[in-house]
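Reading through the structure tokens given below for one structure.
The values are calculated or read from the model by the stated rules, or taken from the named source; none is laboratory data. Computed from a predicted structure; not experimentally measured. All Cβ positions, glycine included, derive from the backbone under ideal geometry; neighbour counts span all protein chains shown.
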Amino acid sequence: MGRAFSLPSGGTRCSRPGCRPGRATGCRAARRSTPTPRGTLAKASNLAEGPDSARLSPPRQGDPRGGFGGGPPRGSQAGMSLGRQESAGGRESPGTVGHPTGARSRAQALEDADMKIGIIGAGLIGGTLARRWVKLGHEVSIANSRGPDTLRELAAETGAKAVTAQEAARAGEVVVVTIPQKAVPELPKDLFANVPRDVVVIDTGNYYPVRDGSIAALEGGQVESEWVASLLGRPVIKAFNNIFFQSLLEKGTPKGTPGRIALPVAGEPPEARAKVLKLVEELGFDAIDAGSLADSWRQQPGTPVYTQDLDAAGVKKALAAAERSRLPEYRDGANTWLKNFLASQGG
């Protein structure tokens, strides 16, 4: 076992081969293995800003109506907590964090660690990505519409840094926008001003008229993420919109695992898409290159690939099976399901 010595930051650095100090917490391996306070990430659902902003019980796998992107797992109750489980006695116990064996080996994690990622939106998808990316060694900053003070507990549990939206947009190499479609026009107009053009912006959003109100451009047929890109004034990559948060949290598996869940990634430029494909693989999912942003309609709500947890072959088949002429039908089916669910819950 290696000898440890102090760092100026107060962290420790071990002498294991290949180990490098983390920016503020010493050895990366030690940082990832340090337990986080429990019982706080669940509050992310109360701060929800992404496509997962409602805590809903989605349709079962195979239901053609689609679901509410990033919502609770199949068969769960509407109040399912993020990152924790209830014990038989009603007490909180830690939930599963990522895949128990790790989607990547520790050596791979050390090699690829320390990408700087900003997340705008602290809902179930945003909170899950923060938790998982920090554990993989990335430096994550997270923001919501109410300010950093409301994210203290989430930050304490995940290890992410609570910041403003402007700070998240300038956090580093990748920025994830995971908020309801209706909130996109409300983002600061200069959000990405002076942000380097090579910073990759990921859009996880989904359009639900019952939640977002009617958006004329989208009702008129504009591809959802193209509309988002036009408002942000930046190219975006569409990813993480067609998976429930619980699957994202728990179902990542090592590459080569039979039945490994696959996720489509669409958008330009190709080098930005390649970076997101790599992030998807790191999380334990087969990354499927779904082409240009203009093609991302194939993974919008209600389409065959939406929230089905398909493997690589299944995702490719589902993307190919989607029909552009049926987009209104796909959307209506998903929206009707959500509307009926909310009505059944007194919403």
| task | Just one of (1) within 16 Å of the chain's Cα centre (by Cα); (2) under 20 Å from residue 196 (Cβ atoms); (3) at pLDDT below 95 trips up residue 124, so point out which. | result | (2)
| Which helices (runs of 4 or more DSSP H) does the stretch 207-276 wholly contain that include 1 or more residues that are over 19 Å from residue 319 (Cα atoms), of a type outside the set (D, E, K, R) and within 13 Å of the chain's Cα centre (by Cα)? | 245-250
| said: Among the numbered criteria (1) on the phi < 0 side of the Ramachandran plot; (2) over 14 Å from the mean Cα position of the chain (by Cα); (3) of a type outside the set (A, V, I, L, M, F, W, C); (4) part of a loop (DSSP other than H, G, I, E, B), which one does residue 332 miss? | reply: (4)
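One line per residue, one yes/no per condition, for (1) closer than 30 Å to residue 322 by Cα; (2) of a type in the set (A, V, I, L, M, F, W, C); (3) assigned to a helix (DSSP H, G or I); (4) at pLDDT below 95:
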residue: 64; (1), (2), (3), (4): yes, no, no, yes
residue: 80; (1), (2), (3), (4): no, yes, no, yes
residue: 96; (1), (2), (3), (4): no, no, no, yes
residue: 119; (1), (2), (3), (4): yes, yes, no, no
residue: 166; (1), (2), (3), (4): no, no, yes, no
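One residue is enough: does the stretch 323-334 have a residue meeting the conditions surrounded by fewer than 21 Cβ atoms within 10 Å (Cβ to Cβ), hydrophobic (A, V, I, L, M, F, W, C) and modelled with pLDDT of 95 or more?
Step one: of the stretch 323-334, the residues surrounded by fewer than 21 Cβ atoms within 10 Å (Cβ to Cβ) are 323-329, 332-333.
With the extra rule that they be hydrophobic (A, V, I, L, M, F, W, C), the set shrinks to 327.
Narrowing further to those that are modelled with pLDDT of 95 or more: 327.
Checked the stretch 323-334: at least one residue is surrounded by fewer than 21 Cβ atoms within 10 Å (Cβ to Cβ), hydrophobic (A, V, I, L, M, F, W, C) and modelled with pLDDT of 95 or more.
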| remark: Looking across the stretch 286-322 at residues that are in contact with a strand residue (DSSP E or B) (Cβ under 8 Å, 6 or more places away or on another chain), without any contact (Cβ under 8 Å) to a residue 60 or more places away in the chain and in a loop (DSSP other than H, G, I, E, B), the single one that is surrounded by the fewest Cβ atoms within 10 Å (Cβ to Cβ) is 292
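Could you tell me whether the stretch 236-245 includes any residue that is within 22 Å of residue 126 (Cα to Cα) and among the basic types (Lys, Arg)?
yes
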| query | Do we find that residue 279 is crowded, with 16+ Cβ neighbours inside 10 Å and at pLDDT below 95 in this structure? | reply | no
| task | Scan the stretch 151-196 for residues that are free of Cβ contacts under 8 Å to residues at least 24 places away in the same chain, out of contact with any Asp or Glu (no Cβ under 9 Å at 6 or more places or on another chain) and of a type in the set (Gly, Ala, Ser) and jot them down. | result | 155, 193
| Only one of these conditions is not met by residue 265: (1) surrounded by fewer than 24 Cβ atoms within 10 Å (Cβ to Cβ); (2) at negative phi. Which number is it? | (1)
| said: Yes or no: the stretch 328-344 includes at least one residue that is within 17 Å of residue 208 (Cα to Cα), of a type in the set (A, V, I, L, M) and free of Cβ contacts under 8 Å to residues at least 60 places away in the same chain. | reply: yes
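Which count do you get for residues in the stretch 188-206 that are under 12 Å from the mean Cα position of the chain (by Cα) and over 19 Å from residue 123 (Cα atoms)? It would help to see each step written out before you state the result.
At the first step, the residues of the stretch 188-206 found to be under 12 Å from the mean Cα position of the chain (by Cα) are 202-205.
Narrowing further to those that are over 19 Å from residue 123 (Cα atoms): none.
The total comes to 0.
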